[in-house]
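A quick write-up on the structure given underneath.
The values are calculated or read from the model by the stated rules, or taken from the named source; none is laboratory data. Computed from a predicted structure; not experimentally measured. Glycine also receives a Cβ, built like all others from the backbone with ideal geometry; neighbour counts cover every protein chain displayed. Side chains are part of the model used for accessible areas, which takes the heavy atoms of the whole protein and leaves out ligands, DNA and RNA. Shrake-Rupley method; radii C 1.70, N 1.55, O 1.52, S 1.80 Å.
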Amino acid sequence: MATFLLGTTLFGLPSQAAVPRIVEVPNGPAFVRFPGKTEVDARSGQLLRSDALLRTTKPGRMQVMLGTGRQFRMGGDAQLRLGSSSVELLKGSIIGWINPGTQTRHPFTIKTRLATASIQGTTVFIEFTDSQFKIFSWEGKVLVTTRSGQSFTLNSGQQLLLDLKRVQPDGRVQQDDSLAVSWLPPVVIAEQEIERRLQKSRLINGFSTPLDTLPEIQRELGVTAPSP
(Lines give C-alpha, C1' and ligand atoms only; values in the text may rest on other atoms or scores of the structure.)
Protein backbone atom coordinates (compact mmCIF):
# COMPACT_ATOMS: atom_id res chain seq x y z
CA MET A 1 0.00 0.00 0.00
CA ALA A 2 1.77 3.07 -1.11
CA THR A 3 0.88 5.93 -3.34
CA PHE A 4 2.49 5.32 -6.73
CA LEU A 5 4.22 2.05 -5.96
CA LEU A 6 4.89 1.70 -9.66
CA GLY A 7 6.23 4.53 -11.76
CA THR A 8 5.72 5.29 -15.38
CA THR A 9 6.78 2.62 -17.79
CA LEU A 10 9.56 2.80 -20.32
CA PHE A 11 9.35 0.40 -23.24
CA GLY A 12 6.82 -1.61 -21.27
CA LEU A 13 9.05 -2.04 -18.20
CA PRO A 14 8.42 -0.44 -14.78
CA SER A 15 10.82 2.25 -13.64
CA GLN A 16 13.36 0.77 -11.21
CA ALA A 17 13.49 4.08 -9.35
CA ALA A 18 9.84 3.69 -8.35
CA VAL A 19 10.07 0.12 -6.99
CA PRO A 20 9.37 0.22 -3.23
CA ARG A 21 12.16 -1.00 -0.98
CA ILE A 22 13.17 -1.21 2.65
CA VAL A 23 15.61 1.58 3.44
CA GLU A 24 16.62 0.50 6.93
CA VAL A 25 15.79 -1.92 9.73
CA PRO A 26 17.48 -0.40 12.81
CA ASN A 27 15.82 -2.89 15.14
CA GLY A 28 14.08 -6.24 14.84
CA PRO A 29 11.87 -8.15 14.95
CA ALA A 30 10.65 -6.96 11.53
CA PHE A 31 9.10 -9.11 8.83
CA VAL A 32 7.89 -9.16 5.21
CA ARG A 33 5.37 -11.53 3.67
CA PHE A 34 4.50 -11.61 -0.03
CA PRO A 35 1.18 -13.08 -1.23
CA GLY A 36 1.33 -16.88 -1.12
CA LYS A 37 4.79 -16.86 0.48
CA THR A 38 6.16 -17.53 3.95
CA GLU A 39 6.98 -14.57 6.16
CA VAL A 40 10.70 -13.70 6.21
CA ASP A 41 12.90 -11.29 8.15
CA ALA A 42 12.92 -7.77 6.73
CA ARG A 43 16.33 -6.54 5.62
CA SER A 44 17.76 -3.21 4.49
CA GLY A 45 17.68 -2.82 0.71
CA GLN A 46 15.03 -5.49 0.20
CA LEU A 47 12.73 -4.79 -2.77
CA LEU A 48 8.98 -4.87 -2.15
CA ARG A 49 5.83 -5.02 -4.23
CA SER A 50 2.10 -4.35 -4.03
CA ASP A 51 0.19 -6.48 -1.50
CA ALA A 52 3.28 -7.18 0.59
CA LEU A 53 2.45 -7.39 4.29
CA LEU A 54 4.93 -5.68 6.61
CA ARG A 55 5.04 -6.39 10.33
CA THR A 56 7.08 -5.33 13.35
CA THR A 57 6.93 -6.30 17.00
CA LYS A 58 8.50 -4.35 19.84
CA PRO A 59 11.20 -3.10 19.62
CA GLY A 60 11.23 -3.62 15.85
CA ARG A 61 11.27 -0.68 13.42
CA MET A 62 11.78 -0.17 9.71
CA GLN A 63 11.83 2.59 7.08
CA VAL A 64 10.39 2.06 3.61
CA MET A 65 10.75 4.08 0.39
CA LEU A 66 7.70 3.88 -1.85
CA GLY A 67 8.98 5.83 -4.82
CA THR A 68 8.35 9.45 -5.99
CA GLY A 69 9.67 10.72 -2.64
CA ARG A 70 7.15 8.96 -0.42
CA GLN A 71 8.53 7.27 2.67
CA PHE A 72 7.33 5.94 5.98
CA ARG A 73 8.60 4.43 9.19
CA MET A 74 6.68 1.87 11.20
CA GLY A 75 7.40 0.37 14.58
CA GLY A 76 6.29 -1.39 17.73
CA ASP A 77 3.48 -3.90 17.31
CA ALA A 78 2.58 -2.68 13.82
CA GLN A 79 1.21 -4.27 10.68
CA LEU A 80 0.47 -2.74 7.28
CA ARG A 81 -0.11 -3.69 3.67
CA LEU A 82 1.30 -2.06 0.55
CA GLY A 83 -1.24 -1.35 -2.19
CA SER A 84 -1.18 0.11 -5.66
CA SER A 85 -1.99 3.65 -4.54
CA SER A 86 -1.86 3.79 -0.73
CA VAL A 87 -0.65 2.27 2.52
CA GLU A 88 -3.15 0.41 4.68
CA LEU A 89 -2.28 0.52 8.38
CA LEU A 90 -3.87 -2.48 10.07
CA LYS A 91 -2.51 -1.68 13.53
CA GLY A 92 0.36 0.05 15.28
CA SER A 93 2.27 3.26 14.56
CA ILE A 94 3.47 4.89 11.36
CA ILE A 95 5.01 8.22 10.40
CA GLY A 96 4.70 9.07 6.71
CA TRP A 97 6.07 11.94 4.65
CA ILE A 98 6.88 13.20 1.19
CA ASN A 99 10.48 14.30 0.68
CA PRO A 100 10.92 18.08 0.37
CA GLY A 101 11.12 19.20 -3.25
CA THR A 102 9.29 16.16 -4.63
CA GLN A 103 7.17 17.11 -7.63
CA THR A 104 3.83 15.33 -7.33
CA ARG A 105 0.22 16.15 -8.09
CA HIS A 106 -1.22 13.35 -6.00
CA PRO A 107 -1.21 12.87 -2.22
CA PHE A 108 0.33 10.04 -0.22
CA THR A 109 -2.61 8.21 1.33
CA ILE A 110 -2.57 6.15 4.53
CA LYS A 111 -5.73 4.15 5.13
CA THR A 112 -7.19 2.53 8.24
CA ARG A 113 -10.63 1.03 8.76
CA LEU A 114 -11.67 4.12 10.73
CA ALA A 115 -10.30 6.93 8.57
CA THR A 116 -7.93 7.84 5.73
CA ALA A 117 -5.20 10.47 5.96
CA SER A 118 -3.92 12.19 2.80
CA ILE A 119 -0.74 14.23 2.77
CA GLN A 120 1.06 16.22 0.10
CA GLY A 121 4.40 17.65 1.13
CA THR A 122 3.63 17.09 4.81
CA THR A 123 4.51 14.74 7.68
CA VAL A 124 1.86 12.75 9.52
CA PHE A 125 1.93 10.37 12.49
CA ILE A 126 -0.80 7.76 12.98
CA GLU A 127 -1.25 5.40 15.89
CA PHE A 128 -3.94 2.72 15.78
CA THR A 129 -4.29 0.43 18.80
CA ASP A 130 -7.12 -1.35 20.61
CA SER A 131 -7.49 1.65 22.95
CA GLN A 132 -7.05 4.69 20.70
CA PHE A 133 -6.81 6.09 17.20
CA LYS A 134 -4.56 9.13 16.77
CA ILE A 135 -3.60 11.26 13.77
CA PHE A 136 -1.08 14.05 14.35
CA SER A 137 0.31 16.55 11.84
CA TRP A 138 3.99 17.12 12.48
CA GLU A 139 4.02 19.77 9.76
CA GLY A 140 1.72 20.93 6.98
CA LYS A 141 -1.91 20.13 6.18
CA VAL A 142 -3.30 16.62 6.58
CA LEU A 143 -6.73 15.85 5.15
CA VAL A 144 -8.60 13.21 7.15
CA THR A 145 -11.74 11.51 5.83
CA THR A 146 -13.58 9.18 8.18
CA ARG A 147 -15.42 6.04 7.14
CA SER A 148 -18.68 7.80 8.03
CA GLY A 149 -17.89 10.55 5.50
CA GLN A 150 -16.75 13.36 7.81
CA SER A 151 -13.73 15.42 6.79
CA PHE A 152 -11.15 17.22 8.91
CA THR A 153 -8.08 19.26 8.05
CA LEU A 154 -5.18 19.12 10.48
CA ASN A 155 -2.61 21.90 10.47
CA SER A 156 0.89 21.70 11.95
CA GLY A 157 0.73 20.66 15.61
CA GLN A 158 -2.90 19.55 15.50
CA GLN A 159 -4.22 16.14 16.46
CA LEU A 160 -7.37 14.12 15.87
CA LEU A 161 -7.89 11.62 18.70
CA LEU A 162 -10.52 8.94 19.16
CA ASP A 163 -10.75 7.08 22.48
CA LEU A 164 -11.80 3.59 21.39
CA LYS A 165 -12.41 2.49 24.98
CA ARG A 166 -15.49 4.71 24.96
CA VAL A 167 -16.84 3.03 21.84
CA GLN A 168 -16.76 -0.60 23.00
CA PRO A 169 -16.33 -2.03 26.53
CA ASP A 170 -13.47 -4.20 25.27
CA GLY A 171 -11.80 -1.23 23.54
CA ARG A 172 -12.51 -2.47 20.00
CA VAL A 173 -14.56 -1.02 17.17
CA GLN A 174 -16.39 -3.54 15.04
CA GLN A 175 -16.48 -2.96 11.28
CA ASP A 176 -20.15 -1.87 11.25
CA ASP A 177 -19.82 0.25 14.40
CA SER A 178 -17.12 2.48 12.89
CA LEU A 179 -19.84 4.33 10.97
CA ALA A 180 -21.43 5.40 14.24
CA VAL A 181 -18.27 6.83 15.82
CA SER A 182 -18.66 10.42 17.00
CA TRP A 183 -15.59 12.39 15.98
CA LEU A 184 -14.47 15.50 17.86
CA PRO A 185 -12.71 18.40 16.06
CA PRO A 186 -8.89 18.53 15.91
CA VAL A 187 -7.08 20.06 18.88
CA VAL A 188 -3.79 21.96 19.11
CA ILE A 189 -1.10 20.12 21.07
CA ALA A 190 0.88 22.21 23.57
CA GLU A 191 4.46 23.05 22.59
CA GLN A 192 5.82 21.27 25.67
CA GLU A 193 4.03 18.06 24.66
CA ILE A 194 5.26 18.39 21.07
CA GLU A 195 8.83 18.79 22.32
CA ARG A 196 8.44 15.69 24.50
CA ARG A 197 7.13 13.66 21.55
CA LEU A 198 9.98 14.82 19.35
CA GLN A 199 12.54 13.74 21.92
CA LYS A 200 10.89 10.40 22.75
CA SER A 201 9.65 9.26 19.33
CA ARG A 202 11.30 6.01 18.21
CA LEU A 203 10.08 6.68 14.67
CA ILE A 204 11.89 10.02 14.48
CA ASN A 205 15.00 9.12 16.48
CA GLY A 206 17.38 6.17 16.34
CA PHE A 207 17.70 5.75 12.57
CA SER A 208 21.02 6.16 10.74
CA THR A 209 19.76 9.26 8.90
CA PRO A 210 17.47 12.03 10.18
CA LEU A 211 13.88 12.29 9.02
CA ASP A 212 13.90 14.15 5.67
CA THR A 213 11.32 16.67 6.88
CA LEU A 214 12.89 17.25 10.32
CA PRO A 215 14.08 20.80 9.43
CA GLU A 216 10.51 21.67 8.34
CA ILE A 217 9.09 20.22 11.56
CA GLN A 218 11.51 22.20 13.72
CA ARG A 219 10.87 25.41 11.80
CA GLU A 220 7.08 24.97 11.64
CA LEU A 221 6.59 24.05 15.31
CA GLY A 222 9.48 25.97 16.84
CA VAL A 223 10.95 22.88 18.52
CA THR A 224 14.42 21.34 18.47
CA ALA A 225 15.24 17.70 17.90
CA PRO A 226 17.70 16.00 20.27
CA SER A 227 21.28 15.58 19.08
CA PRO A 228 21.96 12.19 17.46
Review point. Over segment 63-107, how many percent of alpha carbon pairs lie in each 10 Å bin up to the one with the longest distance?
Key: 25, 55, 19, 1
**Study point:** FRET efficiency for LEU184 and ASP77, using Cβ-Cβ distance with R0 set to 22 Å, rounded to 0.05
**Key:** 0.25
Revision key, fill the gap. Interchain or sequence-distant (5+) residues whose placed amide H lies within less than 5 Å of the amide H of ALA42 are ALA30, PHE31, VAL32
**Study point:** Placed amide H near LEU90: partners under 5 Å, 5+ positions off or other chain
**Key:** GLN79, LEU80, ARG81
Study note, to complete from the structure: Note, PRO107: beta-carbon cut-off 11 Å, +1 each Lys/Arg, -1 each Asp/Glu, net +3
Check your understanding: With Cβ to Cβ distances under 12 Å as the rule, what net charge do the other residues near ILE217 carry (K, R +1; D, E -1)?
Key -> -3
Point to revise | Solvent-accessible area per residue, Å², over segment 67-159 with all protein chains present [probe radius 1.4 Å] | key: 34 Å²
**Study point:** Carbon plus sulfur fraction of accessible area for segment 62-173, probe 1.4 Å, in percent
**Key:** 44 percent
**Study point:** Portion, in percent, of the accessible area of segment 185-228 that falls on carbon or sulfur, probe 1.4 Å
**Key:** 52 percent
Exercise for review: Among the trypsin sites (Lys or Arg not before Pro) in segment 75-153, which ones are in a DSSP loop with at most 12 other Cβ atoms within 10 Å of the Cβ? Mind listing them?
Suggested key: ARG105
Review point. For the residue pair LYS165 and PHE34, what label-to-label distance in nm results when each label sits 7 Å from Cα along the Cα-to-beta-carbon direction?
Key: 4.3 nm
Review point. Given the Cα-Cα distance of ASN27 and THR57 and 0.36 nm per residue of separation, how much length would full extension add, in nm?
Key: 9.8 nm
Point to revise | Reach of LYS141 by Cα under 12 Å, taken over aspartates and glutamates that are not fewer than 8 positions away in the same chain | key: GLU220
